[in-house]
1. Expected output is a single nm value to one decimal: the length gained when fully extending between Asn47 and Trp11, i.e. 0.36 nm times separation in residues minus the C-alpha distance. What is it?
2. So which lysines can Lys2 reach, going by Cα to Cα under 18 Å and dropping same-chain residues fewer than 8 places off?
3. By how many nm would the segment from Thr64 to Asn28 lengthen if fully extended, with 0.36 nm per residue of separation less the alpha-carbon distance?
4. If you place +1 on the Cβ of every Lys and Arg, -1 on the Cβ of every Asp and Glu, and leave all else neutral, what size is the dipole of the chain about its Cα centre, to the nearest 20 Debye?
5. Can you tell me how the chain classifies by the Cα gyration tensor, rounded, prolate or oblate, using a/c under 1.5 as the rounded cut?
6. Most exposed first by the Cβ proxy, i.e. fewest other Cβ within 10 Å, how do Val52, Val60 rank?
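Derivation of every value follows stated rules applied to the coordinates shown; laboratory data play no part. In this text, all values refer to a predicted model and were calculated from it rather than measured experimentally. With ideal geometry, Cβ positions are generated from the backbone for all residues, glycine too; neighbour counts draw on all protein chains shown.
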Amino acid sequence: DKGINFAGNWWKGKTDKNGNIIPPSHPNARFTAPITSFKNVDLNYDNPKGVVVEGIIFGVKDFTTLVPIAEA
C-alpha cells in the first residue's frame, strides 16, 4: 500500500510531524471514472448527434446550504 497523495509520497502507516497517521486520500477528495468503464453506457455516447438525456442528478457535499440530491 503506497502511492502519491495530497501530501506527496504516501505509504500505509506514514505519519506527519506530529505523529498523526496520514490518510491515503484527503477528506475532501473526489474521483472521476472514464465513461467507457460503465457497462450500461449508451452505445452512442460518443455520437456527434448526441443521445437522449433522461435525467440529471446534481449532488453537493454541503448539505447545510443545499440538499444533497435535487430532482427537477
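1. Taking Asn47 through Trp11 to full extension adds about 8.7 nm, to one decimal.
2. Straight-line reach from Lys2, under 18 Å: Lys12, Lys14.
3. 11.4 nm
4. 440
5. oblate
6. Val52, Val60
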